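Input: a single structure, listed below in structure tokens.
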Amino acid sequence: MTSYHYPLGREQQIRVLFADRQTIVRQGVRSLLDREQGIEVIADTGDGQSLLELAREQLPDVIVTEINLPLLDGLEATRRVVAEGLPCQVLFLTGNSDRESVVNAFDSGARGYLLKEAEFHCLTQGIRAVHSLDTYLGPRISEILVRNSARYVSKTQQPGRTSLTGREQEILRLLAEGNNSKDIAFILGISNKTVDTFRRHCMRKLQLKSSADLVKFALREGMVIL
């Protein structure tokens, strides 16, 4: 797991918008995050419609939301945030522990997924990771993704993983597990430039446009391992 460290100056504060349908959860999480150096909760809400409105007004760095919100669910709110080009990264903090929810979350445009059963430090790690444009998978998410993966049918018409070489699949898997180029280069003993070259090859072969699309592809294909 990558560790993230930031200077303590206010200009380095990660501005967070938090959404959960339960008031006691919002109050508890906000209280904990307010004590965390480098993170500031600028607003919280209990429904998806106000989440979207606050995202438009406040332009938070990171949105932490659950899936099952009233008025507008977290998945649709995330889709609209992405469609409108708002400069917000989304981390799901939810009780939904099924594979379909995880895949749908990343398909909606989220960068991270964390179960509510996780420890608090996982939430702060996730916030810092998605703020740095990395993918974050909380504890147990890898297990959820590989569960019944052989029976999971992709809804896309993209070329399959068999079009990738062994090294390309390895790099794609490491990317989907939340590693950045520097991490992957260290793990595989190659240069950052080589990692970026393989990443571009994967995007071209799979007809994808971004690293986020690569992560989604790997998740749908069950390429993340324990």
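Mind counting the residues in the range 98-123 that are in contact (Cβ under 8 Å) with a residue 24 or more places away in the chain and not in a loop (DSSP other than H, G, I, E, B)?
Counting residues in the range 98-123 that are in contact (Cβ under 8 Å) with a residue 24 or more places away in the chain and not in a loop (DSSP other than H, G, I, E, B) gives 15.
So is Ile67 in contact with a Cys (Cβ under 8 Å, 6 or more places away or on another chain) and surrounded by 18 or more Cβ atoms within 10 Å (Cβ to Cβ) or not?
On the way: in contact with a Cys (Cβ under 8 Å, 6 or more places away or on another chain): no; surrounded by 18 or more Cβ atoms within 10 Å (Cβ to Cβ): yes.
Spelling it out, it is not the case that Ile67 is in contact with a Cys (Cβ under 8 Å, 6 or more places away or on another chain) and surrounded by 18 or more Cβ atoms within 10 Å (Cβ to Cβ).
So for the range 87-97 (the condition being in contact (Cβ under 8 Å) with a residue 40 or more places away in the chain and over 18 Å from the mean Cα position of the chain (by Cα)), does at least one residue qualify?
Taking the range 87-97 as the starting set, the residues that turn out to be in contact (Cβ under 8 Å) with a residue 40 or more places away in the chain are 88-91, 93, 97.
If we keep only those that are over 18 Å from the mean Cα position of the chain (by Cα) too, we end up with none.
Looking for residues that are in contact (Cβ under 8 Å) with a residue 40 or more places away in the chain and over 18 Å from the mean Cα position of the chain (by Cα), one finds none in the range 87-97, hence no.
Condition (residue is in a loop (DSSP other than H, G, I, E, B) and within 13 Å of Leu137 (Cβ to Cβ)) applied to the range 76-89: is it met by at least one residue? Write out each step before concluding.
Residues of the range 76-89 in a loop (DSSP other than H, G, I, E, B): 84-88.
Keeping just the survivors that are within 13 Å of Leu137 (Cβ to Cβ) gives none.
No: zero hits.
Any read-out appearing in this document is the output of simple, stated calculations on the displayed coordinates, not a laboratory observation. As the structure is a prediction and not an experimental result, all values here were calculated from the model. FYI the Cβ positions are ideal-geometry reconstructions off the backbone, even for glycines, and counts take in every protein chain you see.
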